[in-house]
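A.B. asks: Below: one structure in C-alpha cells.
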2 protein chains.
Amino acid sequence: MATIRDVAKLADVSVSTVSLALSNPARVSPKTLEKIRQAVAAVGYVADPLAQSLARGRSRMIGFVVGNVGNPFFGDIRRELENYALDHQHFVVVTDSSGKTDRERAMVEHLIGLKAAGLALAPSGYDRDYIDFIGGLNVPIVCFDQKVAGIERDFVGSDNHLAGAMLTEHLLQLGHRRIAFIAGPSHMHTATERYRGFVDTMANAGVEVNPNFVVDGQFTRTAGYEAAMRLLIQPERPTAILGANNAVALSALQAMQELGFRCPDDISLAMIDNVQWSSVITPRITMVVQDTLALGGIIARRLMHRITSPQSAVEPPQDFVLTPKFVPGNSCRRI
Amino acid sequence: MATIRDVAKLADVSVSTVSLALSNPARVSPKTLEKIRQAVAAVGYVADPLAQSLARGRSRMIGFVVGNVGNPFFGDIRRELENYALDHQHFVVVTDSSGKTDRERAMVEHLIGLKAAGLALAPSGYDRDYIDFIGGLNVPIVCFDQKVAGIERDFVGSDNHLAGAMLTEHLLQLGHRRIAFIAGPSHMHTATERYRGFVDTMANAGVEVNPNFVVDGQFTRTAGYEAAMRLLIQPERPTAILGANNAVALSALQAMQELGFRCPDDISLAMIDNVQWSSVITPRITMVVQDTLALGGIIARRLMHRITSPQSAVEPPQDFVLTPKFVPGNSCRRI
DNA sequence: TGATTAAATCGAACCGGTTCGATCAAACTG
DNA sequence: CAGTTTGATCGAACCGGTTCGATTTAATCA
C-alpha cells in the first residue's frame, strides 16, 4: 500500500504539501498540484482513513444504532440516511443492540472510540445513568423514535398520541365500545403516548375503558401473544383490539386464528406501524404508519448539518414530530 | 482523555512497559504490573482503538456485509455472529449494500481501510472483476448464502438443489403436474440450484415442464409480482406455483389474491425461505427453510478461527452446506 | 530598486498507540 | 569467580496521516 511519503518522494515535494494539496487543492500552485496528482495516480495512493481519523480526531463514519435492524421501520430510515450520507462523503455503519441497553452502550462507546462523526440513535434506555451517558457524549447525535425525557438532543419522531387516537377514533366510529388495548413497555415514550391517545379518545367519546381490556404486550411477539390470549379467554371479550405496535398486533392476530376467531367478523383488529408483507396478510390490517422516508430524510439532514457546520454546536436541540398516516385495511368491521 | 503516556508518567515506567503490561501481563514483574494497574485506574485510561489499529495493522472489528439487513435470514445470522464475536472481544458492524455490487465494493473497501479483522460476506457479484476484487483482499473472509464460482474462500450455505427438490417432490406427491416455477436471477448460485432441483425432480418423475410455467422473478417483489401475473393470466393455468424465494412467492400470493384466486383451493403455493410473520399469513405457506442459527454459528466459528489462529492462513477454504428443513403449511392441496 | 506583503512550500511536532533490538541487573553455569 | 543465560525494562522507530509556525519564493507597492 502506497503511503503519502511515496507520493511526496515521487512528486519531489514535502509530505505536508501533499497532504495540503489533497485536502485543500486551492492553496497549492497549479503545477505542483498537477505533479502531485500524477504521483498519486502513479503509485495508486489512497489515504488511510484510520491514520486520518487519528490525526484529525474525527472520522467520516456515521453510527446508526438501533435495537433491531430487521424492523422495516429502521430499515427505511437507514436507507435514507445512508443515501444522504453517501452523497456527503460519509459512511454509515449499523450496529444492532438487540434492544439491550448495556450492549447499546458498549456499541456507542465503540463508535465513539472510532471517532465517529455522528450518531443516529434510537435510544433503548431511560434511567438516569443512561441519560447522563448519552448527554456526556461530545459528538453530534440525532435521536429518533423514542423521545427520552432528559436527553437534550435533536429528536425526530412521529406523533404517537395521534397515532393511538386515530385508530381509536376509527374503531369508535365503526360502533365499537369494547375496545381492548395491547400496550407497550411503560418506560417507552412511544408506548405511553400511544396509550394516552387511546385513553384520551375514549374519554372524549364518553366511553369507559374496561381495565381488563388493557394488557401489556411489551412490544414483543411473545408477550404480545400472551397478552392477546388473556384478552381472548375472557368471558366478556372485546369486539376490537388495538395493538400498540406491529408485533403485538400480529401476535394477537395469530392468537385469534389459533382460537378460531375470525377477523374482522368476530373481532376487529388495528395496529400501529407497518410490517413487511402486510399486503399479503389476511385480513389486511387497518393501521397507522409512520412516514419512514420523511423521518429518515430529516434525521439525515439534521445529523449532517450538525456534523458539517461548526457553529451548529450552539444551536439548541430541536424536536421534529411528524404526523402518521392512516391506512385503512379490512380488519375492522362496523358493528 | 488519558493517554498511555499519562499512565507511564504516573507509574514511573516507560511507555513501552505500559503497553507490554497491558497486552501481555505475564512478561512484566508483579510489582510493576501493580503500579501500572493502579495508574491506569487512577487516570481512567482506556486504549484508543484507532491508534491501536493503526499500529497493529488490525482492528477488532468484523464487517458483516449483506444486501438486505431487513431480510430475517440475514438478521438471524447476524445475531449469531454478533453473540459469538462479542464473546471473543470483537465487534460486528453491519453494512447493507442494498444488493448493489458497486456499493458493496465501496463498503468492503471501507471496512478494509478500517483494518477490519475479518468479513462475513454475502456476495452480490459474479463477474471476473468482482471475483478478482474479493480474491485480492488480504483479510479473513467467510462467504455465505451465495456460492460464487471462482471465489476461493470458506463458504457456508444450504443445499439449494435439495430445497427446490423437496418442494417439487411434495407438490408431485399431492398429484400436481402443472407446476410453475418463479425463478431468481440466473447468475445467482442459489437461484440456479433451486431451479435445477425443480427441473431434476420433475424429470425424475417423468413430468414434463411447461416452458410457459417457468418465469423469472428476480428474487424481488416487483419482478415476482409481474412474473406471477404472467402465470395467472394464461388460459391454461398452473395448479401449483413454486416460488424460488420468499419475495417472489409472497408476491405470487398477492397476485392471486388480487385476481380472486383462492390459495390453496384454486392454486397451491410453496416457497423457499421463511419470512417474518409467516405464521399469520393466510394460508400458512408450505416452505423449505434454512437453518439460519446453524449457518450463523458456523460462519461465526469459522471466521473467528481464521482471525485468531495464525496458521489458519494455510488451511484451504472449506464449504459447509447444510440441509434445509421442510415446513408444511396449508397452502398446497391434493388434487 | 529596495521594502513590504502575499503565496507556496517545508520541517517538525503530533495523534496514541505497538514493536523490536538494546541495555542492564540478577540468576545460573561450570 | 569469570562467563553466560534469563528476565525486566527502556528508547527509538514506526504506523500514516495532519497541522502549524517558519522559511523561501513571487508579487505588489512606493
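A.B. asks: Using a label position 7 Å from Cα in the Cα→Cβ direction, what is the ascending list of nm distances from B:Ser16 to the same site in the other copies?
C.D. replies: Sorted ascending, the copy-to-copy spacings read 2.9 nm.
A.B. asks: Which translational diffusion coefficient, to the nearest whole µm²/s, is obtained for the range A:45-93 from the Stokes-Einstein equation, given a Kirkwood hydrodynamic radius over C-alpha pairs, 10 °C and 1.306 mPa s?
C.D. replies: D = 131 µm²/s.
A.B. asks: Just tell me how shielded B:66-73 is by partners: mean number of partner chain Cβ atoms within 10 Å of each residue's Cβ, no decimals.
C.D. replies: 3
A.B. asks: Distance from a point 7 Å along Cα→Cβ of A:Arg58 to each backbone N in the range A:106-130: keep the residues under 16 Å and list them by number.
C.D. replies: Hits in the range A:106-130 for A:Arg58 at 16 Å: A:112-120.
A.B. asks: Points 7 angstrom from Cα along the Cβ direction at B:Arg262 and A:Arg196: gap in nanometres?
C.D. replies: Each label point lies 7 Å from its Cα, and together they span 4.8 nm.
A.B. asks: So the label point goes 7 Å from the Cα of B:Glu152 along Cα→C-beta, right? Which residues of the range B:21-65 then have their backbone N under 14 Å from it?
C.D. replies: none
A.B. asks: As an exercise, use a Förster radius of 30 Å and the Cβ-Cβ distance of A:Ala203 and B:Asn83 to find the FRET efficiency, rounded to the nearest 0.05.
C.D. replies: E(calc), rounded to 0.05, equals 0.10.
A.B. asks: Below 8 Å, C-alpha to C-alpha, sequence gap of six or more: please give me the relative contact order for chain B in percent.
C.D. replies: This gives 17 percent for chain B.
A.B. asks: I've got another one for you. Hey, got the average number of other protein chain Cβ atoms within 10 angstrom for residues in A:281-289?
C.D. replies: The per-residue average across the peptide is 2.
A.B. asks: What ranking, highest mean first, results for peptides A:36-45, B:74-83 when packing means the other Cβ atoms within 10 Å averaged over each residue?
C.D. replies: Ranked from most to least packed, the peptides come out as B:74-83, A:36-45.
A.B. asks: Sort A:203-210, B:212-219 by the packing proxy (mean of other Cβ within 10 Å over each peptide's residues), most packed first.
C.D. replies: B:212-219, A:203-210
A.B. asks: What per residue convex hull volume, in Å³, do the alpha-carbon atoms of chain A yield?
C.D. replies: 152
A.B. asks: So if the hydrodynamic radius of the range B:82-138 is defined as the Kirkwood radius over C-alpha pairs, what does Stokes-Einstein give as its diffusion coefficient at 25 °C and 0.890 mPa s, in µm² per second?
C.D. replies: My calculation gives 199 µm²/s for D.
A.B. asks: Turning to a different aspect of this structure: Mind jotting down the distance between the C-alpha centroids of the range B:131-187 and the range A:278-335, whole Å?
C.D. replies: Spelled out, the Cα-based centre of one part sits 36 Å from the other.
A.B. asks: Percent relative contact order of the range B:258-335, based on C-alpha pairs within less than 8 angstrom and at least six residues apart?
C.D. replies: Relative contact order of the range B:258-335: 45 percent.
A.B. asks: Sticking with this one: Take every Cα-Cα pair in the range B:242-317 and report what % of them are more than 21 Å apart.
C.D. replies: When every Cα pair of the range B:242-317 is considered, 46 percent fall beyond 21 Å.
A.B. asks: Would you tally the net charge around B:Pro316, using a Cβ to Cβ cut-off of less than 11 Å, leaving B:Pro316 out, and scoring K and R as +1, D and E as -1?
C.D. replies: Taking every other residue near B:Pro316 into account, the sum is -3.
A.B. asks: Moving to a separate point now. Looking at the range A:188-240, what % of the alpha carbon pairs are farther apart than 15 Å?
C.D. replies: 55
A.B. asks: For B:Leu293 and B:Ala313, calculate 0.36 nm times their separation in residues minus their Cα-Cα distance, and state this gained length in nm to one decimal.
C.D. replies: Between B:Leu293 and B:Ala313, full extension yields 4.6 nm more.
A.B. asks: Next question, about the same structure. Counting Lys and Arg as +1 and Asp and Glu as -1, what is the net charge of the other residues whose Cβ lies under 14 Å from the Cβ of B:Arg178?
C.D. replies: Residues near B:Arg178 contribute 0 overall.
A.B. asks: With 30 Å as the limit, write out which pairs from A:Lys115/B:Lys9; A:Lys115/B:Lys147; A:Lys147/B:Lys115; A:Lys31/A:Lys115; A:Lys9/B:Lys115 have Cα-Cα distances beyond it, or answer none.
C.D. replies: A:Lys115/B:Lys147; A:Lys147/B:Lys115; A:Lys31/A:Lys115
A.B. asks: Dividing the convex hull volume of the alpha carbon atoms of the protein assembly as shown by its residue count, what do you get in Å³ per residue?
C.D. replies: 190
A.B. asks: Mind running the shape call on the range A:127-170? Use the C-alpha gyration tensor, a ≥ b ≥ c as the square roots of the eigenvalues: rounded below 1.5 for a/c, prolate if a/b tops b/c, oblate otherwise.
C.D. replies: prolate
A.B. asks: Place the label 7 angstrom along Cα→C-beta at B:Leu259 and in each other copy, then list the distances from the first to the rest in nm, shortest first.
C.D. replies: Distances to the matching label points in the other copies: 3.8 nm.
A.B. asks: Could you tell me how far the Cα centroid of the range A:228-261 sits from the Cα centroid of the range B:34-79, in Å?
C.D. replies: Using only Cα atoms to place each centre, the spacing works out to 43 Å.
A.B. asks: Here is a follow-up. Based on the alpha-carbon gyration tensor of the range A:10-79, what equivalent-ellipsoid semi-axes (square roots of 5 times the eigenvalues) come out, in whole Å, largest first?
C.D. replies: 38, 13, 11
A.B. asks: Enter the mean number of other protein chain beta carbons within 10 Å of the beta carbon of each residue in B:136-146, as an integer.
C.D. replies: 0
A.B. asks: Counting other C-beta atoms within 10 Å, which of B:Arg284, A:Arg27 has the fewest, and how do the rest follow?
C.D. replies: Least crowded to most crowded, the residues run A:Arg27, B:Arg284.
A.B. asks: Between beta-carbons, use under 14 Å as the cut-off and find the net charge around B:Leu111, counting Lys and Arg +1, Asp and Glu -1.
C.D. replies: Value of the local net charge: +2.
A.B. asks: Related question: What would the Debye equation give as log₁₀ I(q)/I(0) for the range A:160-289 at q = 0.18, 0.19 Å⁻¹, counting only Cα atoms as equal point scatterers?
C.D. replies: -0.87, -0.99
A.B. asks: Can you list, shortest first in nanometers, how far B:Arg196 lies from the same residue in the other copies, with each label 7 Å from Cα toward Cβ?
C.D. replies: 6.1
A.B. asks: Output the 0 to 90 degree angle, nearest 10, between the alpha-carbon long axis of helix B:30-43 and the longest principal axis computed from the alpha carbons of chain B.
C.D. replies: Computed tilt is about 70 degrees.
A.B. asks: Along Cα→Cβ, 7 Å out, is where each label goes; now give me the distance between the ones at A:Ile233 and A:Thr32 in nm to one decimal.
C.D. replies: Taking the simple label geometry, A:Ile233 and A:Thr32 are separated by 8.1 nm.
A.B. asks: Right, here's the next one. Given the peptides A:288-298, B:245-255, arrange them by the average over their residues of other C-beta atoms within 10 Å, most packed first.
C.D. replies: Averaged packing, sorted descending, gives the order B:245-255, A:288-298.
A.B. asks: With no solvent and one point on each alpha carbon, what is the Debye value of log10 I(q)/I(0) for the range A:4-47 at q = 0.28 Å⁻¹?
C.D. replies: -0.97
None of the figures in this text is laboratory data; all of them are computed from the coordinates on show. Remember, it's a predicted structure, so these values are computed and weren't measured experimentally. A quick note on method: Cβ atoms are made from the backbone with ideal geometry, for glycine too, and the neighbour counts reach across all protein chains shown.
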